[in-house]
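Notes to accompany the following structure.
The values are calculated or read from the model by the stated rules, or taken from the named source; none is laboratory data. Everything numeric in this text was worked out from a predicted model, so none of it was measured. In this analysis, Cβ positions are derived from the backbone assuming ideal geometry, glycine residues included, and neighbour counts consider all displayed protein chains. Protein only, heavy atoms only, side chains kept; ligands, DNA and RNA dropped before computing areas. Shrake-Rupley method; radii C 1.70, N 1.55, O 1.52, S 1.80 Å.
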2 protein chains.
Amino acid sequence: VTIADFTERELVMRIERRLPPAPPWLLVGIGDDAAVVEPERNRVEVLSVDALVEGIHFDRAFVPPDAIGHRALAVNLSDLAAMGAAPRLALLSLALPSALPIADFDAIVDGFAGLAGRHRTHVVGGNLTRSPGPLVIDVTIVGTSKRRQALTRDGARPGDELFVSGTIGAAAAGLRMLEMRARLATADAAQDAGNRAHRETGDASAASVSPGVERCIERYLRPQPRVRLGTLLARNRAASACIDLSDGLADGTHQIAQASRVGIQLDAQKLPIDPGARAWFEARGLDPVIESICAGDDYELLVAVGPRTRSRLAAVARHGDLPLTHIGVCTESRAVTIRREAVGGVTEEAVPSGYSHFRAAEGSSLDEARSASEHVEGPRSR
Amino acid sequence: VTIADFTERELVMRIERRLPPAPPWLLVGIGDDAAVVEPERNRVEVLSVDALVEGIHFDRAFVPPDAIGHRALAVNLSDLAAMGAAPRLALLSLALPSALPIADFDAIVDGFAGLAGRHRTHVVGGNLTRSPGPLVIDVTIVGTSKRRQALTRDGARPGDELFVSGTIGAAAAGLRMLEMRARLATADAAQDAGNRAHRETGDASAASVSPGVERCIERYLRPQPRVRLGTLLARNRAASACIDLSDGLADGTHQIAQASRVGIQLDAQKLPIDPGARAWFEARGLDPVIESICAGDDYELLVAVGPRTRSRLAAVARHGDLPLTHIGVCTESRAVTIRREAVGGVTEEAVPSGYSHFRAAEGSSLDEARSASEHVEGPRSR
């Protein structure tokens, strides 16, 4: 049974059934030409839109439908978190292949509605259309912030310290684990069709038994946007600049540096790389630092903190439930670099500056990382 | 030169260059994690999202890129018009095939920005991503309305008169004209490849010389949303219910009837069918009434008016620049019918109830009309 067996109205009703009762500020909800909402008093509004496109941002072969719905909202919630805004409402626009099973449709909506409920984000409207190609899920989110408390990227000053929440690298490792499992499953299926040889060794067992594998996969599939941390940072006026790591730590540092007109020096030894991800990358001969900073999908917050507000950050850290790790400093120089201890001394390399062409932009994290690594400048020993 | 030759940042800058200076209420614009806006005082907010998908809502073979951008915003402005809301801001989310020429990208944005400027709608943010399939343009719009002035679909009462703005059917005819031209051009090209026979007669000449053809095509390509009419209706409290005709008059009457729990009786003889469209349909043996009410893309407003507010509607009509035509009445009975004069007397038929399955839903106007006609009940003579 696919969505083609249902009318648009029936599909809309399946969405409505998965939503909580309308809040009092929602004056006109789903079902009219547009939604009508009462604005929140004494607040400014924070708006963002983000799209997930099948084949670019997710692969239905190994991303279950509830995770597609979850991630589509998570990327938007993460944008609000980076602004220090409290989420309020969302609009959900779906372009769906006719062959999409109705169970997958329901699961996408469940994943979306579940995360929305946990962050008190009401779905006030949306759009359903067919797609002759990929599944596209486009989400607009609106949140609120007190005046002059919105966190931007452009307030960092030389001397400000840089912190990152949680850990990095897990989502990137999780994506690769899923890709590897999918390849092995395909290879197994192909072999099964011929002769039933044993392929229970090597990568397959490594993927299924390594500690932290399931955590990495979960971080990729169902990222937890740092909404509470963002609002705590904003209310405490603890940050001079903030960005989320949807495009990776390397990209985030460049964005803050460019917007704030500062340089940034990261310290590789301090990076809170997820232990499972680190082990997994090392086991494959990959550099955990480069893999972790170039990959996206972490949805942690990168925060610049001025010397006078360090105590406020400490207060935020005490009230929050996430570690905040000191990873670098903003500098007068406009260079964005990373210091690493190496054989023979400390090196300072340019942080990869991100993808350059739209051909590779907005691709999966791995595409971005590969593209980014073409632009790494050579290490400068000193 | 295609978009693949540019970075995402360069493409964003090309969009920004096509936008007017930021209004004072835009506190943080394009370039941060989200936009921050100051709400308008003493207003409620009206939000809508709509997507145009290549191959479903438009065909790049005969819809020029500026018209794609124009239409993507027009459908959203029309939703606000139907609510009586004044547009304020938009978010533009584009999923783009890598092979899209950069000139087409610029033209899409020009078409969008041009219409936005004429309706004082500021683009505060958006999203760019690649698409492995069709071009998808997803637009979120936010407008404002005074409290208790938003026009909904559910306020019509038995005895209320129904009016429609402007004319209907032109966009449906325009789409067919464009499709026919495209088919003929393809056939010509195929013939040219073999022998150069003359094919300058028949449909081709009819399509190019009939009066009103260019007007119909323009109505399809660059619909003018009835924003001014909608806000006038709202301010004058002239309407008991309102909807836009994006999905056609037949669908609009059903939507108002269902939401308001009334019946509706349309009078076929009163329908303001565009003369060029009527002539074109008749020349092809098609019923102009059925073609005009089943097709979408007109973006006129369908308005129910109570007996005590007829004079307010007259005032709106005087101040507006569009004719408002009386086309029917709301009834106690829940039937939605259309009266027609026929040989042997007056007939009253059920109004086609619209497409039933998502397979055909949200397709091109013609798909909808064809699907809808499967559900037409037989005419009831009386």
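General observations
Let's see how each residue does on (1) under 22 Å from the mean Cα position of the chain (by Cα); (2) open to solvent by less than 10 Å² (accessible area, probe 1.4 Å):
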| site | (1), (2) |
| --- | --- |
| B:Ser93 | yes, yes |
| B:Pro97 | no, no |
| B:Ile102 | no, no |
| B:Ile108 | yes, yes |
| B:Val124 | no, yes |
| B:Thr129 | no, yes |
| B:Asp138 | yes, yes |
| B:Ile141 | yes, yes |
| B:Arg147 | no, no |
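- Note on the range A:34-61: residues that are facing chain B (nearest Cβ under 7 Å) and farther than 21 Å from B:Val124 by Cβ amount to 3.
- Failed item, numbered, when B:Thr231 is tested on (1) modelled with pLDDT of 95 or more; (2) more than 15 Å from the chain's Cα centre (by Cα); (3) open to solvent by less than 10 Å² (accessible area, probe 1.4 Å): (3)
- Test result for B:Asp298, among the acidic types (Asp, Glu), in contact with a helix residue (DSSP H, G or I) (Cβ under 8 Å, 6 or more places away or on another chain) and modelled with pLDDT of 95 or more: no
- For the range A:69-172, the strands (runs of 3 or more DSSP E) that sit wholly inside it and include 2 or more residues that are more than 14 Å from chain B (Cβ to nearest Cβ) and closer than 29 Å to A:Leu232 by Cα are A:161-165.
- The listed residues are B:Val53, B:Val36, and the only one of them that is closer than 29 Å to A:Gln149 by Cα, outside any helix (DSSP H, G or I) and in contact with a strand residue (DSSP E or B) (Cβ under 7 Å, 6 or more places away or on another chain) turns out to be B:Val36.
- Odd one out for B:Gly169 among (1) under 30 Å from B:Arg120 (Cα atoms); (2) at pLDDT below 95: (2)
- Flag for B:Ile108 being closer than 22 Å to B:Pro132 by Cβ and modelled with pLDDT under 95: no
- Neighbours by Cβ (under 7 Å, 6+ apart or cross-chain): first from the range A:301-313, more than 27 Å from A:Gly169 (Cα to Cα); second buried (at least 24 other Cβ atoms within 10 Å of the Cβ): A:Thr309/A:Ala238; A:Arg312/A:Ala238
This table checks each residue for (1) assigned to a helix (DSSP H, G or I); (2) at pLDDT 85 or above; (3) surrounded by 14 or more Cβ atoms within 10 Å (Cβ to Cβ).
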{"residue": "B:Leu178", "(1), (2), (3)": "yes, yes, yes"}
{"residue": "B:Leu184", "(1), (2), (3)": "yes, yes, yes"}
{"residue": "B:Gln191", "(1), (2), (3)": "yes, no, no"}
{"residue": "B:Asn195", "(1), (2), (3)": "no, no, no"}
{"residue": "B:Glu200", "(1), (2), (3)": "no, no, no"}
{"residue": "B:Ala204", "(1), (2), (3)": "yes, no, yes"}
{"residue": "B:Ser208", "(1), (2), (3)": "yes, no, no"}
{"residue": "B:Glu214", "(1), (2), (3)": "yes, yes, no"}
{"residue": "B:Glu218", "(1), (2), (3)": "yes, yes, yes"}
